[in-house]
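Q: First, the structure itself, so that you have it in front of you.
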Amino acid sequence: MKRVAILISGGGSNMLALVRDMAGVHPARPVLVASNDPAAGGLAKAAALGIPTAAVDHRPYGKDRPAFEAALLAELEKAQPDSLCLAGFMRILTPGFTQRFAGRMLNIHPSLLPKYPGLHTHARALAAGDAEAGCTVHEVTADLDAGPILGQARVPVLPGDTEATLAARVLTAEHRLYPATLRRFAAGDRSPLFL
Ligand code: GAR
């Protein structure tokens, strides 16, 4: 059984999709949900499901990312995860941290990478007039949103779409893609999944 820690910054809908999937027959189970924001809505949702949670507020550390990461690592070490899933975790990680979890850390990003790394992905897809949008699960490396792709799901961009309607359609696809990709990854399969 692989032990998975999930890092969140917000509502945690992807975290919930992962946790719900791991409740069934699955090669992994959740051992910790941690957030850089003590007010992240996902923490209470995880706790309600009986999953250990931790909050390491990044703000007191200011620009000292290594110090924040050391505190986060201390929480992670208590849970002894084999893998980390970033699920709406909105802090950039230093190469020291990504190296420590090389090959063991996944992220979900709301675009069809390599298109639109970084922020405001839906606005950028709309501004470009793209006919398709989607999401990507990838391994986390030192380069932002650029690690090996493990899975991708596509959705159409529809006439009249706004950032909000497109984001909602992509998020629904995220909830299908991330659990399916983690399932394969935890079983040792790193070949990309296309939904
Ligand atoms: C998701 O759309 C995820 O892809 C995105 O944040 C949202 C989190 O929602 N992640 C990023 O933008 C990472 N750069 P959730 O908290 O409901 O899972």
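The values are calculated or read from the model by the stated rules, or taken from the named source; none is laboratory data. Keep in mind that this is a model prediction, so the values were computed, not measured. Neighbour counts run over all protein chains shown; Cβ positions are idealised from the backbone, glycine included. Heads up: the accessible areas ignore ligands, DNA and RNA and are worked out on the full protein's heavy atoms, side chains in. Shrake-Rupley method; radii C 1.70, N 1.55, O 1.52, S 1.80 Å.
Q: Give, to the nearest whole percent, the P(r) tail of the stretch 22-100 beyond 18 angstrom, counting all Cα pairs. It would help to have the intermediate numbers written out before the result.
A: Values: 1297 of 3081 pairs.
In whole percent, the share of Cα-Cα pairs in the stretch 22-100 beyond 18 Å is 42.
Q: Let me ask another. What is the magnitude of the charge dipole of the chain about its Cα centre, with +1 placed on the Cβ of each Lys and Arg, -1 on the Cβ of each Asp and Glu, and no other charges, expressed in debye to the nearest 20?
A: Values: 20 positive and 17 negative charges, 80 e Å.
It comes to approximately 380 debye.
Q: Run the reach check for Lys78 against lysines, Cα to Cα strictly under 21 Å, same-chain hits fewer than 8 apart removed. What comes back?
A: Once the sequence-local lysines are set aside, what remains near Lys78 is Lys2, Lys45.
Q: Pick out which of Ala87, Ala128, Ala142 has the largest mean-square fluctuation in a Gaussian network model of the chain, springs linking Cα atoms closer than 10 Å.
A: Ala128
Q: Considering Cα pairs under 8 angstrom that are at least six residues apart, work out the relative contact order of the stretch 120-195 and quote it in whole percent. Write out the running numbers ahead of the final one.
A: Working: 95 pairs, mean separation 24.9, N = 76.
Result for the stretch 120-195 is 33 percent.
Q: At 1.4 Å probe size, with every protein chain present, just tell me what the per residue accessible area of the stretch 46-175 comes to in Å².
A: Here the residues of the stretch 46-175 average 48 Å² of exposed surface.
Q: Right, here's the next one. Provide the descending list of Cα extents for the chain along its principal axes, expressed in whole angstroms.
A: 48, 41, 31
Q: Kindly express, to the nearest 10 degrees and within the range 0 to 90, the angle between helix 13-22's C-alpha long axis and the longest C-alpha principal axis of the chain.
A: 70 degrees
Q: Quickly estimate the mean residue ellipticity at 222 nm for the chain, helices only: each DSSP H run with n ≥ 4 gives -39500 (n - 2.57), and the total goes over all residues, rounded to 500. All intermediate terms of the calculation are to be shown ahead of the outcome.
A: On the way: 6 runs with 70 residues, N = 195.
Rounded to the nearest 500, the figure is -11000 deg cm²/dmol.
Q: Pairs of Cα atoms under 8 Å, at least six residues apart: use those to get the relative contact order of the chain, whole percent.
A: Values: 374 pairs, mean separation 39.4, N = 195.
Averaging sequence separation for qualifying contacts and normalising by length gives 20 percent for the chain.
Q: Amide H to amide H, which residues 5 or more places from Thr53 or on other chains are under 5 Å from it, using H placed in the peptide plane?
A: Val33
Q: Please report, as a whole percent, how much of the solvent-accessible surface of the stretch 124-187 comes from carbon and sulfur atoms (probe radius 1.4 Å). Mind dumping the intermediate values first?
A: Numbers: 1670 of 2810 Å².
For the stretch 124-187, the apolar C and S fraction of the accessible surface comes to 59 percent.
Q: Hey, another quick one. Using only the Cα atoms of the stretch 142-195, what are the Rg and Dmax in Å?
A: Rg then Dmax for the stretch 142-195, in Å: 13.3, 41.
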